[in-house]
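These notes are about the structure you will find just below.
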Amino acid sequence: MEIADILDRLEIERLTPMQEAAIEAFHCKGDMVLLSPTGSGKTLAFLLPLVQALRPEVQGVQAVVLVPSRELAMQIDSVFKRLGTSFKAMSCYGGRPAMEEHRAMKTLLPAVVIGTPGRMKDHLQKGNIDAGTVRTLVIDEFDKCLELGFQDEMAEVVGQFSGLTKRVLLSATDAAEIPRFVGMGNLAGGHVVKLDFLAGAAGESRWDLQKVLSPQKDKLETLYRLLCVLGASSTLVFVNYRESVDRVAGYLKSKKMSCEAFHGGMEQMERERALYKFRNGSCPVLVSTDLASRGLDISGVGNVVHYHLPVSREAFVHRNGRTARWEARGTSYLILHPEELLPEYITEDVSSFEWPDVMPAPVKPCWVTLYIGKGRKDKLNKVDIVGFLYKKGGLAKGDIGQVDVREHYAFVAVRREKVRQLLVLVRGEKIKGMKTLIEEAR
């Protein structure tokens, strides 16, 4: 399939200079390192040439993509499927049974597997993936994947791919060095192409940076007031610890503010539900650790709030990269208590936030997320859900927002003013001949 056909399907008029350079470098001999700002389209930059390099006559996994989080694995998997090629891909990550993934592999026969290092190690050890057929290795967010604490696991995984002909590393921040076990430059000719699109981006930041002074060391009330001012604008609040996520989100909810928590200690379904509500506009505020700073492709994030100061320049860049994606602009807020100073790594101009004369109250989102207790495994799809809500729920076209169907359940965004009547109308009704739970997602 030609790239032009894929872009037409994705409704993308043209590639960016970075993407064009990455595609050209991918098809050259040797390995590749791509450095480009968050939100600049790195996923397409490696997937487009990757699908061109796949061979239909080869049986087995031809390419492995290693990522630091399940959310990034799911995102890349989703983008790959949208390309509409004849090749199959699947994602593998912790939080669900490995046996379930193995069964899916045997049925799907994927040419590309996207996974976290721990789950990939598990499948390789059990022989679920034949490492001998893998020719391309992609490490996305490589600076995170190759951090010191993950190197033993990464070395064990990478070391099993003895037949590689291409290694591709991508990130929005460079690493001090790339461990020798990755094998960059060990292919014939020892050639590594490094594409660095960060230099030009540094001087033309796409986000505005403001500092918000908190009169107390405990910043909760200041954060609450700031979020009231930001209103319905989509906002990511970053803190440094899981316990802080729960504390901050709990406080905001106690003040009747619509928000969700997101961190690595939560169950997979809880994390998916929180992300979905944030994406579809039924929850304007997501409180998270740095887990949400990488790999999440959420369009329309207007603001990033640093409740805790980032631990490094790299963390600062990745957090801010959740807003101002592609050509958009965004605003980044740093909340400082009286004893805090701006870190030395922040070299951008920082203005002071000005409070309005009258403080607004928390806003109620226009959308509410519904949970439906059936999914793809039950042969339920988006058309079934929308048709059911039109026919049985009395909704019209503008009343339904984003619909997301998972394997065992589905989420639907519905206009807030329609929810109460809808739940009354669909009580006891069957969807596609099945009785199921339909309720507001909590």
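Quick note: the coordinates plus some simple rules give every number you see, no bench work behind them. Here the structure is a predicted model, which is why all the values come from computation and not from measurement. Please note: Cβ atoms are built from the backbone with ideal geometry, for glycine as well, and neighbour counts cover all protein chains shown.
Please list the radius of gyration and Dmax for the range 3-201, considering alpha-carbon atoms only, with Å as the unit.
Looking at the range 3-201, its Cα Rg and Dmax stand at 15.8, 46 Å.
In whole Å, how far is the Cα centre of the range 243-314 from that of the range 99-117?
Comparing the Cα centres of the range 243-314 and the range 99-117, I get a distance of 29 Å.
Under the Kirkwood approximation for Rh and a Cα-based Rg, what ratio Rg/Rh is obtained for the range 1-64? Display every interim value, and only then the final one.
Values: Rg = 12.5 Å, Rh = 12.9 Å.
My calculation puts Rg/Rh at 0.97.
Rounded to whole Å and sorted largest first, what semi-axes of the equivalent ellipsoid does the C-alpha gyration tensor of the chain yield via the square root of 5 times each eigenvalue?
The three semi-axes for the chain are 36, 31, 19 Å.
Please compute the contact order of the range 320-418 in relative form: average sequence separation of alpha-carbon pairs under 8 Å and at least six residues apart, divided by the residue count, as a percent.
Details: 89 pairs, mean separation 26.9, N = 99.
In percent, rounded to a whole number, it is 27.
Treat the count of other C-beta atoms within 10 Å as a stand-in for reagent exposure and order Trp207, Trp355 from fewest to most. Kindly include the intermediate steps, with their values, before the conclusion.
Working: Trp207 18, Trp355 12.
Fewest-to-most ranking of Trp207, Trp355: Trp355, Trp207.
Once every Cα of the range 367-440 carries one equal point scatterer and solvent is ignored, give the base-10 log of I(q)/I(0) from the Debye formula at q = 0.13, 0.21, 0.26 Å⁻¹, two decimals.
-0.30, -0.83, -1.35
What is the fewest-to-most order of Leu213, Leu370 by other Cβ atoms lying within 10 Å of their Cβ? Please report the intermediate quantities before stating the final value.
Values: Leu213 15, Leu370 24.
With the sparsest Cβ surroundings first, the list reads Leu213, Leu370.
Which of the peptides 281-287, 72-78 is most tightly packed, and how do the rest follow, going by the mean number of other Cβ atoms within 10 Å of each residue? Don't jump to the answer; show the numbers that get you there.
On the way: 281-287: 24.7, 72-78: 21.1.
My ranking of the peptides, most packed first, is 281-287, 72-78.
Counting only helical runs of four or more DSSP H residues, what would the 222 nm mean residue ellipticity of the chain come to if each run contributes -39,500 (n - 2.57) and the total is spread over all its residues? Walk me through the numbers on the way to the answer.
On the way: 15 runs with 146 residues, N = 442.
After summing the helix terms and dividing by residue count, I get -9500 deg cm²/dmol.
Using C-alpha positions alone, give me the convex hull volume of the range 88-165 per residue in cubic angstrom. Walk me through the intermediate numbers first.
Values: hull volume 7.3 nm³, N = 78.
So the per-residue Cα hull volume is 93 Å³.
Give the peptides 359-368, 22-31, 255-264 in descending order of average Cβ contacts within 10 Å, highest first.
Numbers: 359-368: 15.5, 22-31: 17.3, 255-264: 19.7.
In descending order of packing, they fall as 255-264, 22-31, 359-368.
Taking the range 205-352 on its own, what percent of its Cα-Cα pair distances exceed 18 Å?
Values: 5713 of 10878 pairs.
Roughly 53 percent, rounded to a whole number.
Placing +1 on the Cβ of each Lys and Arg and -1 on the Cβ of each Asp and Glu in the chain, which of Met359, Tyr371, Val311 has its Cα farthest towards the positive end of the resulting dipole?
Farthest along the dipole direction, towards plus: Tyr371.
Can you tell me which lysines have their Cα less than 21 Å from the Cα of Lys194? Leave out same-chain residues fewer than eight positions away.
Counting by Cα, and skipping residues close in sequence, Lys194 has these lysines nearby: Lys29, Lys42, Lys144, Lys166.
What's the whole-number percent of alpha carbon pairs in the range 35-99 lying beyond 17 angstrom?
Values: 966 of 2080 pairs.
Summing the P(r) of the range 35-99 above 17 Å gives 46 percent of all pairs.
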